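Here the structure comes first, spelled out in structure tokens, and everything after it is commentary.
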Amino acid sequence: MSASGSTPRRTPGRTGLALGLSAYLMWGGFPLYFPLLAPAGSVEIIAHRVVWSLVVCAVLLTATRGWGPFVAAVRHRRTLALLSLGAALIAVNWLVYVYAVLSDQVVDASLGYFLNPLVTVLLAVFVLGERVRPVQWVALGFGALAVVVIVIGVARLPWVALTLATSFGLYGLIKNRVGRTVNALAGLGVETAVLFPLALAYLVWLQATGTGHFTGYGSWHAVALMCAGVLTATPLLLFSGAARRLPLRTIGMLQYLTPMLQFILGLVVFHEQMPAARWAGFALVWVALVILTVDGLRTSRLDLLAQRAANGARIEDSPALDRTTGNVPPIDTSTGITTGDGPGPAVGPSVRR
């Protein structure tokens, strides 16, 4: 309680943390939801997810008067092409993820999302031409060694994990390219609109041939299939709200909640096997992530200090600043960019599962 006896309002940081935790916990809990949709298979579930997601997006775009960015994205050829490619990648990601859950490979799915930050670094090097610090190469080495250990120990390629990591990494790269001009809701709307005709045609074909599962299994089963759309859009919007309120370094730490929760569910709830080789592989991946996280936090702090020093040096030259107090614009603690100088953090590799 405040001194006046009223309840203090939550700060943007606390609100952002609550939104981010909610988003990542929802994503992590998806393995508990998809088995409830049986006997529907993975392809049918994804088709329902696409169809009902578009319905949810249409309602939200209408409620928020957000059709402008949606229409602008559709009319811009390059943006539409990128979002269409993103739609194909996220469809593959969704399909493999649901298949993994329904085939008792939740632990492999969690490995894919643990590997995702390492794939993102590789894409930054080979696609964007960014320089990688030696410490990051060490982390990548641990990640590669982890895959080798699992392949040799289990005698099979962890294709579920590799497909999820690669598809989501590429999807994140595309979202990073368009995220500055297309907001999260409009982007999801365009992606689901691209997939909608194929998804709807597949569902109609299933019902026409008597092999669909939308009807004949009770009203609650039909509602559960429809809720796939709500459960797709809700965590994305929660994450979008968190990304506007939290530093990227905090978002980066929160992203590990999802695969960790999936990993725990795979072991405790679904009782999946974890031979010694898989434990060793996961341990190597976790070492790689610790290295990346510590290096990222250190680099972020150094960039922040450098930016603050640069802003301080410009105080006397800026008529817009208060020369009495020396106030400077607030700085994003993850990027060192003053707020208002550019777009916020792009919605990228930690979203949509």
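The values are calculated or read from the model by the stated rules, or taken from the named source; none is laboratory data. What you are looking at is a predicted structure, and each value in this text was computed from that prediction instead of being measured. Reconstructed Cβ throughout: ideal geometry from the backbone, glycine too, with neighbour counts over all protein chains shown. Surface areas here come from the heavy atoms of the whole protein model, side chains and all, with no ligands, DNA or RNA. Shrake-Rupley method; radii C 1.70, N 1.55, O 1.52, S 1.80 Å.
In the set Trp67, Trp52, which member is among the aromatic types (Phe, Trp, Tyr) and within 12 Å of Val190 (Cβ to Cβ)? Write out each step before concluding.
Values: Trp52 fails: within 12 Å of Val190 (Cβ to Cβ).
Answer to the selection: Trp67.
Given the conditions (1) more than 24 Å from Ala139 (Cβ to Cβ); (2) at pLDDT 75 or above; (3) crowded, with 16+ Cβ neighbours inside 10 Å; (4) not hydrophobic (A, V, I, L, M, F, W, C), and given that Asn311 satisfies all but one, which numbered condition is not satisfied?
In the conditions (1) more than 24 Å from Ala139 (Cβ to Cβ); (2) at pLDDT 75 or above; (3) crowded, with 16+ Cβ neighbours inside 10 Å; (4) not hydrophobic (A, V, I, L, M, F, W, C), Asn311 misses (2) alone.
Find the residue count for region 122-139, including only residues that are touching a residue at least 40 places away in the same chain (Cβ under 8 Å) and either open to solvent by less than 20 Å² (accessible area, probe 1.4 Å) or at positive phi (or both).
1
Any residue in region 98-110 that's touching a residue at least 40 places away in the same chain (Cβ under 8 Å) and farther than 15 Å from Ile46 by Cα: show its pairings with residues that are hydroxyl-bearing (Ser, Thr, Tyr) and open to solvent by 10 Å² or more (accessible area, probe 1.4 Å) at Cβ separation under 9 Å, as long as the two are six or more apart or on different chains.
Hits for this filter: Gln105/Tyr99.
Being outside any helix (DSSP H, G or I) and over 17 Å from Ala109 (Cβ atoms), is that true of even one residue in region 169-179?
Among the residues of region 169-179, at least one is outside any helix (DSSP H, G or I) and over 17 Å from Ala109 (Cβ atoms), which makes the answer yes.
Can you find a residue in region 234-242 that is crowded, with 20+ Cβ neighbours inside 10 Å and modelled with pLDDT of 90 or more?
Within region 234-242, none of the residues are crowded, with 20+ Cβ neighbours inside 10 Å and modelled with pLDDT of 90 or more.
If a residue has to be open to solvent by less than 60 Å² (accessible area, probe 1.4 Å) and within 30 Å of the chain's Cα centre (by Cα) to count, how many in region 213-224 make the cut?
Matching residues across region 213-224 total 5.
Can you tell me which of Ile264, Ile251 is out of contact with any Asp or Glu (no Cβ under 8 Å at 6 or more places or on another chain), closer than 16 Å to Leu25 by Cβ and open to solvent by 40 Å² or more (accessible area, probe 1.4 Å)?
Selected residue: Ile264, the only one of Ile264, Ile251 that is out of contact with any Asp or Glu (no Cβ under 8 Å at 6 or more places or on another chain), closer than 16 Å to Leu25 by Cβ and open to solvent by 40 Å² or more (accessible area, probe 1.4 Å).
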